[in-house]
Structure formats: C-alpha cells, structure tokens
Amino acid sequence: MLDPDGYIVSWNRGAEKLKGYLAEEILGKHFSVFYPHEDIVDKKPERELQIALAEGRHEQEGWRVRKDGSIFRANVIVTAMRDKTGRLRGFSKITRDVTERHKAVQSLREAEEKYRRIFEDSVTGIFQTAPDGRMLSANPAVAKLLGYNSPAELIARLPNVTFQGYVNPADRELFRSMLEKTDEVKNFEYQAYRKDGSTIWLMENAHMVRDSNGKALFYEGTLIDVSDRRAAEQKIEYLAYYDDLTGLPNRRLLLDRLTKALAYARRNKKRVALLYLNLDRFKYVNDSFGHVQADLVLQAVAKRLTKVAREQDTVARFNGDEFLVLLPGISAPSEATIAAGRFMDAMAMEFTVADQSISLTCSMGISIFPEHGMDAETLIKNADWALYSAKDGGRNNIYCFSEDLGAKAAEDLALGNALRLATENNQLYLVYQPQMDIASGKMVGLEALLRWQHPEFGLVPPDKFIPIAESRGLIGPIGEWVLRAACSQLRQWGVEGLPIVPVAVNVSAVQFRQWGFAELVSKILDETGLPSNYLELELTESLLFSTGDATITVLSDLNALGIKLSIDDFGTGYSSFSYLRKFPISKLKIDRSFINNICTNTGDATITAAIISMAKQLNLRVIAEGVETEAQLAFLRDHDCDEMQGYFFSRPLTADLIREKLRTLPWSPDHGLDNSPENARPTSWSGSGSTADHRSTI
C-alpha cells in the first residue's frame, strides 16, 4: 500500500520475497526505489499514479529493481483507494514477476518481425510515386485507406500527393529529402486527406528506386493506418495533464503552472494564492444518487468554478471532490479572500441531480506565497491544512493558513515519529469498560480501549493518534498489539479462575483491509489460547458499506472462526438495515450522540427507538454506549434495548480494577455461550498458551 504521495505504508511477505526488502527496511520509502534510474528520470512512477488517479485502476508492465540490484519484469496493478468522502487515501499495488513470460513474448515478437514484411506486403497498401509527387500506381488497399473505390479512381482524382494528399505539404518535402539522403525511410508518420475530406494518420515505409546511372526513378513502399494508435497516444498525453471527467487541468499540470507562477512572482515581487476547495458531504450524493449522477455533479462544479475564475487563473481537479484554484500575480492577500468568496457564492446555487434540486456547500483553505510558503509543495500542504481546519470548524467555511495550523502540522509530525516507538517502549496500554445486560443488571462484556501515555506529550487521546497511525502505516502493528494484549489479558483472568466475559476490540478500517487480517486474528487466538467466542470485533458501518465483496469474504472467514461481529457507532453514517442482511453481524452499538439527548430531543429518541425495533426484527442484539443517567437507562429499558455501556455504571478501568469487578459484581456469560456451571468458571486453564481449539465454546 502507498500513501497519496507514493510512500510505502504497508508491505506483505510476498513483497519481501519478490523484492528482497524486509518491511522495516522499506516502510516510509517512496515506491520509485524499485524503478530503474532511466524510468525515474523519465518520471514513469509519477505518470503511473496519475493514470491510476484518473482511471481508478492502472495495469502496466516494466522493469523493476530488487534490493540486490537484479532486475525483473513486473506486471503491476495500481488501484486508487479513496475514503467515504472520495478523498484519496493512497494506492494499492499488486506486483507479479513475469520475466519468463516477457522473454517468451520477446522471442515471439522477434519471430514475428522476421516475417512482418512478407505479411504486410500482402495486406497493407503498396504504392509508387514519382519524385515530383505524381501517383504512379497503388494497390486496392491504398485506395481503401484513402476512401476511394479503386486504384484507378485514386490516381485520377489524386494526381499529385504533395498538395492534395498531405494535410501538411511540408511533411512531403521532409519525406522526399530523407529519401534523397538515405534512399530509405522507415516509419514516417503523417496526416493525409481522404476522399471525403476527413483525415487519417498513415505510417509510410519507402525506399528510392534508381536506374543503373543512379538517377531517381520513383519511390515505392507501404502505407498502414495508425489513426487508432495516434488517438490513443493523444488520449494518454491528455490524461497526463487533464482530468478525464471534468476536462480541468490535473495535479501534474497544476504543479507545472504553479511552479511557473512562483518564478514570475519572485521576479516581479507579486503574490500567488492557492485555494484548496472540497465539497462538503459529497459522499451523500454518491450514496443517494449513484456514481453516474455524482460524476455529473462534479462536471457541473467544474463548469461553475471555471466560469468564476479569471482568464489567468487555473482551476484544477486535484483528488475526487477536491479542487485547487491557482491565482497568479495577485498584489495583496485580500484579493485571494475576495476570490474565495466568489467561488463559495458560485457553489451556493442549487444543483439538479436526477431531476431533484440539491444544495451543496464547500470548505476552502487558502495559502499565499510568500507568506505561507516559498515552494509549490509547501503551499499545497498549508492550503490543505487550512482546508481541513475549515471542515473541522463546521464546514462551509473559508480558512486562511496561519502559524497555528503550521504548529499543529508540526505536532502531528512529532506524534507520528513518537508513535513508531510507542509499542517497544511500553507506552501503550489497555483499559476496559464494562458492558451491562439491562434486564438483569449483570456484566456481560468488556470493551478494550487503547491508551497512549507518552513521557513528553502525556496522555494522548485516541482520536488524536489513531488517525496518525492510519495515515502512516502504523495501525497494522498497533492493532495487532491491541488484539494480542486483550486476548492475553482475558486468558490470564481465566487462568486465575475468574468468571471472564467476552471482550470487544475496535478494528480500524485500514487494519481490516490489510491482507490476511482474518488469518492474523486466528493466529493470535491460537497463540493466546483464548476461545474465539470470547472475542468480539467492532467494525464501523462505513467500513461495511464501502468495501463490497472483499468485506463479505473477510467477515465470513471471521465468522467461521466463531468470532462475534458488531457494528460500532451505528446511526452516524449512512445507516441502512437492508445491507445488514449480507453480513454475519450479531450486534449493533448505538452511537453516544443519540443517547446523549434521548430524554430531551424527540428526534434522537425516535431514531434510537427505531434502531432498537428494527434490529430486533433482524435478530440483532443492541447495545447503547454513553449511558450516563438513570433517565437514559429507563428509556432504553422501556424500548427493550439489550445492553448498555457508559459512566452510569463504570468508567473505563485498568486491568487490575476490572479483576476486582469480576470478583465482586454480578456476572452472566455472553448470550450464546454455554452457561453450564462447569463452564461458568473455567479452572482448567494454566500457564500461558493452550492446546485448546479456539473455535470451541468453553
């Protein structure tokens, strides 16, 4: 996996074997390290990512370099990975060694080339022309290429190819001069007129025929139609600089123009502004109306932005529903703010989607040269920080970059570097929050919650360091540590003879999508000796809703292990009970944002009651998180909610305090487990590790 800039964030064993690098050697490096020097100079890695961005998926072959310097032929599939808002989160890369196949293909090509002339003489156009341009003879294939019914008609109506056949007569003169010098021209391409006035791209191979005295008699050769290839090359060239959907300049062309604008601004003591624009909640359009209609909206947005822009401005589509506007040669920062207001006003008008009128807002971040950066990369980064501060501020805002935002960026960088060492320095630990059965008042589960105590930063909140871990490729090892620590702790309580309850562990969407996740969970259960029905994995509904068939496969594998699966924070995304039928889910957790106001807000109360009712119809258990008052508990009890979790019963506690809870509080095994007395207090566990089958029930 690569991040949006091409830096490696995950690395599997297959990659280690193929390319010779261990994960710790390669994570954080740019993927161009595998490319030959000439490809790097030619910027092939960047082009491949650009095509993947434009088309979503790009497959190509080329030479790659292993750690030991050896090269191999690789088939590479690059896929752009986006989050639920359409923002680019990175790229997945699948690489296969096709060296032997390539050798076979090369051998085949050489054999085909040997007989190409024989083949082409029978199927391609063959002609003879005089040095002055008169058409002397042509076969039916030439006539057909140029739209004539016969060679005779061609010769009669095209007496001189120099002025009547070539779109650019200078091409004919170049062709003739090359023949005069070398007596042979290969693969000469030019644009020619057809009978109906349309044009065609031809590739000509010809040689000079001379008499015994060396006098030029005529030219003869072959013609083939290369229009399709030319069109494809033009398309590729277009995609290298323009977004195929909107027709706007893409990232590459924007960077080129920004670099030139900065150079001009330095010479003329001007300013350059960047406006980084992102559509608010655009995922709603995708989910509600489909990708086709959403693409039409993006095209409409592009037209509006272009209409508002000045002639010298550049409006580029950067990623998904993100646009970047370059304002060159401005004199004062206020010009950027005024321009940003014009773009916001343009977005305020309603859009028509599937014959419905919808309102879209946008958030915008501004950075200005030279105040906020001296180079393109810094200006884009700072505009991006300003944009997401605008979104954090409630969306539909314009934020200009400030030093405070820069400080936040520096803080996140420092946290990311420190987080890499958190596990080995024993700075991570788990706390556990009890989950209670509402009907009986007994504890039926625990949720394991990750904490990070740093010697310098203090207690770092999870909502601050988890996104950093995901963006820097650290969530895999951290998530593995959490799973192993929770399972080991539960196993230890069992060894001590305590009446243990199932533990729920949150799974990051990034971690879930990593290759071999189900196998990793199975391995941890084997190593710790914890029966699988004592482990519950909590997944976000956005993860289930956005990853398709791959998600179903992984969930089925986890379900086959006997692991319970639940949906965390249900109701905060684009909740739909219909899609739950596809997944082996056993529990829904209602988000605390609804529980907070169920006693004071009629809307939240209605939604909560509806979730509980519909979940019951699907035979799903329901747990409410964030329960803090007796009134909230009474509401949940009246509406037959199964379980609760929150400060009303207990804050998250350390393992030692949970141990005391297990010894003293009423307890009931999780629903669906074997409740027989011999299984309620496992006493056969001893030591660390076990030969017990983790798929069995205690």
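Tell me which residues, restricted to region 349-374, are at pLDDT below 90 and in a strand (DSSP E or B).
Phe351, Thr352, Val353, Gln356, Ser357, Ile358
Out of all the residues in region 45-60, which are of a type in the set (D, E, K, R) and surrounded by fewer than 17 Cβ atoms within 10 Å (Cβ to Cβ)?
Glu46, Glu55, Arg57, Glu59
Listed residues Arg109, Arg89, Arg64, Arg82; which is of a type in the set (Lys, Arg) and loosely packed, with under 15 Cβ neighbours inside 10 Å?
On inspection, the qualifying residue turns out to be Arg109.
Looking at this structure, is Ala265 in contact (Cβ under 8 Å) with a residue 40 or more places away in the chain, farther than 18 Å from Met364 by Cα and surrounded by 14 or more Cβ atoms within 10 Å (Cβ to Cβ)?
In short, yes.
Please indicate, with yes or no, whether at least one residue in region 229-244 is touching an Asp or Glu at 6+ places or on another chain (Cβ under 7 Å) and outside any strand (DSSP E or B).
no
Using the structure shown, decide if Ile358 is closer than 27 Å to Asp256 by Cβ and either assigned by TED's automatic domain parsing to the domain that holds Val301 or not aromatic (Phe, Trp, Tyr) (or both).
On the way: closer than 27 Å to Asp256 by Cβ: no; either assigned by TED's automatic domain parsing to the domain that holds Val301 or not aromatic (Phe, Trp, Tyr) (or both): yes.
Here the answer is no, as Ile358 does not meet what is asked.
Filter region 11-48 down to the residues that are over 27 Å from Leu254 (Cβ atoms) and part of a loop (DSSP other than H, G, I, E, B), then identify the one that is nearest to the chain's Cα centre (by Cα).
Trp11
Can you tell me which residues in region 596-608 are among the hydrophobic types (A, V, I, L, M, F, W, C) and either within 17 Å of Asp568 (Cα to Cα) or touching a Gly at 6+ places or on another chain (Cβ under 7 Å) (or both)? Step through it out loud before you land on a result.
As a first pass, look at region 596-608 and keep what is among the hydrophobic types (A, V, I, L, M, F, W, C): 598-599, 605, 607.
Hit for region 596-608 is Ile607, nothing else.
If a residue has to be at pLDDT 80 or above and farther than 13 Å from Phe457 by Cα to count, how many in region 404-422 make the cut?
2
Which one is surrounded by the most Cβ atoms within 10 Å (Cβ to Cβ), of the residues in region 296-316 that are in a helix (DSSP H, G or I) and among the small types (Gly, Ala, Ser)?
The qualifying residue surrounded by the most Cβ atoms within 10 Å (Cβ to Cβ) is Ala302.
Regarding region 165-172, can at least one residue be identified that is among the hydrophobic types (A, V, I, L, M, F, W, C) and crowded, with 17+ Cβ neighbours inside 10 Å?
no
Taking region 173-194, which residues are surrounded by 12 or more Cβ atoms within 10 Å (Cβ to Cβ) and within 46 Å of the chain's Cα centre (by Cα)?
Lys186, Phe188, Glu189, Tyr190, Gln191, Ala192, Tyr193, Arg194
Let's see how each residue does on (1) farther than 22 Å from Arg251 by Cβ; (2) among the small types (Gly, Ala, Ser); (3) outside any helix (DSSP H, G or I):
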residue: Ala273; (1), (2), (3): no, yes, yes
residue: Asn278; (1), (2), (3): no, no, yes
residue: Asp287; (1), (2), (3): yes, no, no
residue: Ala294; (1), (2), (3): no, yes, no
residue: Phe318; (1), (2), (3): no, no, yes
residue: Pro328; (1), (2), (3): no, no, yes
residue: Glu335; (1), (2), (3): yes, no, no
residue: Met347; (1), (2), (3): no, no, no
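Would you confirm, using the coordinates I've provided, whether Gly290 is on the phi > 0 side of the Ramachandran plot and modelled with pLDDT of 90 or more?
On the way: on the phi > 0 side of the Ramachandran plot: yes; modelled with pLDDT of 90 or more: no.
For Gly290, the condition - on the phi > 0 side of the Ramachandran plot and modelled with pLDDT of 90 or more - is not met.
Let me confirm something: among Arg251, Arg172, which residue is within 30 Å of Ala302 (Cα to Cα) and in contact with a strand residue (DSSP E or B) (Cβ under 7 Å, 6 or more places away or on another chain)?
Working: Arg172 fails: within 30 Å of Ala302 (Cα to Cα).
So the residue among Arg251, Arg172 that is within 30 Å of Ala302 (Cα to Cα) and in contact with a strand residue (DSSP E or B) (Cβ under 7 Å, 6 or more places away or on another chain) is Arg251.
Within region 15-36, identify whether any single residue is closer than 23 Å to Ile468 by Cβ, without any contact (Cβ under 8 Å) to a residue 40 or more places away in the chain, touching a Ser or Thr at 6+ places or on another chain (Cβ under 9 Å) and outside the structural domain of Glu322 (by TED's automatic domain parsing), and answer yes or no.
yes
Could you tell me which residue of region 221-255 is surrounded by the fewest Cβ atoms within 10 Å (Cβ to Cβ), considering only residues that are more than 27 Å from Arg317 (Cβ to Cβ) and touching a Leu at 6+ places or on another chain (Cβ under 9 Å)?
Per the criteria, the residue is Ser227.
Quick check on this structure: which one of Ile585, Ile567, Ile598, Ile612 is outside any helix (DSSP H, G or I), buried (at least 18 other Cβ atoms within 10 Å of the Cβ), at pLDDT 90 or above and β-branched (Val, Ile, Thr)?
Details: Ile585 fails: at pLDDT 90 or above; Ile567 fails: at pLDDT 90 or above; Ile612 fails: outside any helix (DSSP H, G or I).
Residue meeting the stated conditions: Ile598.
Could you check Ala605 against (1) modelled with pLDDT under 90; (2) more than 24 Å from Lys442 (Cβ to Cβ); (3) small (Gly, Ala, Ser) and say which number it fails?
Among (1) modelled with pLDDT under 90; (2) more than 24 Å from Lys442 (Cβ to Cβ); (3) small (Gly, Ala, Ser), Ala605 violates only (1).
Quick check, is Ala156 under 24 Å from Ala231 (Cα atoms) and at pLDDT 85 or above?
No.
Are any residues in region 209-265 over 25 Å from Ile330 (Cα atoms) and among the basic types (Lys, Arg), and if so, which ones?
Correct list: Arg210, Lys215, Arg229, Arg230, Lys235.
Output yes when any residue across region 428-446 is farther than 29 Å from Val622 by Cβ and out of contact with any His (no Cβ under 7 Å at 6 or more places or on another chain), and no when none is.
First, the residues of region 428-446 that are farther than 29 Å from Val622 by Cβ: 428-429.
Keeping just the survivors that are out of contact with any His (no Cβ under 7 Å at 6 or more places or on another chain) gives 428-429.
Yes, region 428-446 contains at least one residue that is farther than 29 Å from Val622 by Cβ and out of contact with any His (no Cβ under 7 Å at 6 or more places or on another chain).
For Ala439, only one of the following conditions fails: (1) hydrophobic (A, V, I, L, M, F, W, C); (2) in contact with a helix residue (DSSP H, G or I) (Cβ under 9 Å, 6 or more places away or on another chain); (3) crowded, with 16+ Cβ neighbours inside 10 Å. What is its number?
(3)
Quick grid of which residues meet (1) closer than 23 Å to Pro499 by Cβ; (2) crowded, with 18+ Cβ neighbours inside 10 Å; (3) in the same structural domain as Ile567 (by TED's automatic domain parsing); (4) in contact with a helix residue (DSSP H, G or I) (Cβ under 8 Å, 6 or more places away or on another chain):
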position: Gln617; (1), (2), (3), (4): no, no, yes, no
position: Val622; (1), (2), (3), (4): no, yes, yes, yes
position: His639; (1), (2), (3), (4): no, yes, yes, yes
position: Asp656; (1), (2), (3), (4): yes, no, yes, no
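Among the residues of region 177-210, write down those that are touching a strand residue (DSSP E or B) at 6+ places or on another chain (Cβ under 8 Å) and not in a strand (DSSP E or B). Talk me through it step by step, then tell me what you get.
The first filter runs over region 177-210 and keeps only residues touching a strand residue (DSSP E or B) at 6+ places or on another chain (Cβ under 8 Å), leaving 178-180, 183-194, 199-210.
Listed by number, the residues that qualify are Met178, Leu179, Glu180, Asp183, Arg194.
The values are calculated or read from the model by the stated rules, or taken from the named source; none is laboratory data. The structure presented is a predicted model; accordingly, all values stated were derived computationally and were not measured. Neighbour counts run over all protein chains shown; Cβ positions are idealised from the backbone, glycine included.
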